[in-house]
Amino acid sequence: MQSSAPFWDSHVSGMPRSPRSPRESDPLSSEPPPMFSSMFGMSASRDNREEALLSQQYMRLQMHEQSPQRMIFNTKAAQDYGGADPKKKRRKNKASSHWSDKIRLRGHVTDSQTIVGSGTAIFVLTICLYNFGLFRHAQAVFELTLAMLACCGLLVYTQGQRLFYLVLCFAWTAAIFSGALVGTYSYDSFSYFSFQLSNTRPYDNVLPSENTDIVPDAGRISFAKEARLDHGRAVGFAAEDGHMYCAAPVLSNSVDVPKVEFWAVGRDCCGLEGSFSCGAARNPEARGGIMELDGAGGVFSSSYREHFDDARRKAQAIHGFQPAVAPIYLRWATPEQMVSLIYTYDNKAAIFLIVATATYFGIVATFAWAMAKRPKGKDLEAPVPEI
């Protein structure tokens, strides 16, 4: 009986076909089954077409993950679940050239380290600005502070939709306000007096009987040998703040004048009458003192001049001194103490600034460590779905 196979099938094969091996029939094997093509441009037989279909299925299964259809499917699935297209994100990051992206040192430090380090640097810069600039350039200091706050506002306005820059601007703003507060305290408590004494003149061999108009810009006064500190006429005034404010007259051994213009003063170092041990009052080498300066007039400044006036008026009333026109209050000191006092203020300011900076860094670093433990190079932004 004549075979029903097509004419070209019997002539192409040349001999009966052997049964397929399991390896050739398995579409998931590592090697695809052989593909047969037709001769002379004619279509393949049904069996050959089945082999070609199996081969195509095998190739499709082997390249499923790398196929464009699979990538499109993964992209759509990621977008459906709130993710973003990785290729599109890479192209977007590559094309991004905003100036704020230079702040982030990717691959070198983490975002948390950037926030803590830059915030501490701004804190130190603001402290130095207020501590050293308020004495001569107060207006410029306030203008620079406003400029720094404006830069933070600009960064929030341009990059406010990104979490990293919101946290960064918050840290910078906190550093500016904290640095301004600490710097103002250091200036009012230490640096102002150092600058004031550095810009005043020292006077030597001053007579206690002279008028205070001869030393209008005095910062340190050394009296002549005939001057003496009268401990017996010293008085103390108990103020409402709980402190004892003391005043002792500086008199001359050669001339007895009814009016006293120079007074040695102190706080909590005397009795109500006839006792005075403030400063170097018990040191016989001390023949002068340092001007008791008023405060800088800032938030943290304090002045005791009103209480010293009360103590002086008490002494005038008790011992019959005439009212002073322009009294000068001094902290009694030796010549060495008068020279070293400026450096004492500077050292106190330096120690205070170092302790304040270390404290601020410790607080910020601890907060950053507790709130965001992230490996190196990770972003602070949460993934934002792209439309």
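Could you check the stretch 191-232 and list, in sequence order, the residues that are buried (at least 19 other Cβ atoms within 10 Å of the Cβ) and of a type in the set (D, E, K, R)? Matches in the stretch 191-232: 220 only.
For the stretch 233-256, what are the residues that are part of a loop (DSSP other than H, G, I, E, B), surrounded by 15 or more Cβ atoms within 10 Å (Cβ to Cβ) and of a type in the set (A, V, I, L, M, F, W, C)?
234, 239
Annotation note: of 287, 313, 282, the sole residue that is touching a strand residue (DSSP E or B) at 6+ places or on another chain (Cβ under 6 Å) and either within 21 Å of residue 209 (Cβ to Cβ) or charged (D, E, K, R) (or both) is 287. Among the residues of the stretch 257-279, the ones that are surrounded by 21 or more Cβ atoms within 10 Å (Cβ to Cβ), closer than 26 Å to residue 211 by Cα and touching a Cys at 6+ places or on another chain (Cβ under 9 Å) come to 6 in all. Pairs meeting the criteria (first residue in the stretch 214-229 and of a type in the set (Asp, Glu), second residue not in a loop (DSSP other than H, G, I, E, B), beta carbons under 7 Å, at least 6 apart or on different chains) are 217/201; 226/252. From the list 282, 287, the lone residue that is among the basic types (Lys, Arg), open to solvent by 10 Å² or more (accessible area, probe 1.4 Å) and under 20 Å from residue 200 (Cα atoms) is 287. All conditions in (1) at pLDDT 90 or above; (2) in a helix (DSSP H, G or I) hold for residue 158, with the sole exception of (1). Evaluated against (1) open to solvent by less than 50 Å² (accessible area, probe 1.4 Å); (2) more than 17 Å from the chain's Cα centre (by Cα); (3) not hydrophobic (A, V, I, L, M, F, W, C), residue 112 falls short on exactly one condition, (2). Considered as a group, the residues in the stretch 194-232 that are assigned to a strand (DSSP E or B) and β-branched (Val, Ile, Thr) include one that is farthest from residue 131 (Cα to Cα), and that residue is 206. Among residues of the stretch 184-199 that are under 16 Å from residue 220 (Cα atoms) and polar (S, T, N, Q), those with a beta-carbon under 8 Å from a residue that is open to solvent by less than 40 Å² (accessible area, probe 1.4 Å) and outside any helix (DSSP H, G or I) at least six positions away or on a different chain give the pairs 196/219; 196/293; 199/219.
Here residue 142 clears all of (1) surrounded by 17 or more Cβ atoms within 10 Å (Cβ to Cβ); (2) in a helix (DSSP H, G or I) except the condition numbered (1).
Conditions (1) in contact with a Phe, Trp or Tyr (Cβ under 6 Å, 6 or more places away or on another chain); (2) open to solvent by 60 Å² or more (accessible area, probe 1.4 Å); (3) outside any helix (DSSP H, G or I); (4) over 21 Å from residue 251 (Cβ atoms), marked per residue:
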| position | (1), (2), (3), (4) |
| --- | --- |
| 295 | no, no, yes, yes |
| 308 | yes, no, no, no |
| 316 | no, no, no, no |
| 331 | no, yes, yes, no |
| 340 | no, no, no, yes |
| 343 | no, yes, no, yes |
| 347 | no, yes, no, yes |
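Tell me yes or no: at least one residue of the stretch 152-162 is under 24 Å from residue 353 (Cα atoms), out of contact with any His (no Cβ under 8 Å at 6 or more places or on another chain) and polar (S, T, N, Q). Scanning the stretch 152-162 turns up no residue that is under 24 Å from residue 353 (Cα atoms), out of contact with any His (no Cβ under 8 Å at 6 or more places or on another chain) and polar (S, T, N, Q).
The values are calculated or read from the model by the stated rules, or taken from the named source; none is laboratory data. From a predicted model like this one, the values you see are computed outputs, not experimental measurements. For neighbour counting, all protein chains shown are included, and Cβ atoms are generated from backbone atoms with ideal geometry for every residue, glycine included. Just the protein is used for accessible areas: all its heavy atoms, side chains included, with ligands, DNA and RNA removed. Shrake-Rupley method; radii C 1.70, N 1.55, O 1.52, S 1.80 Å.
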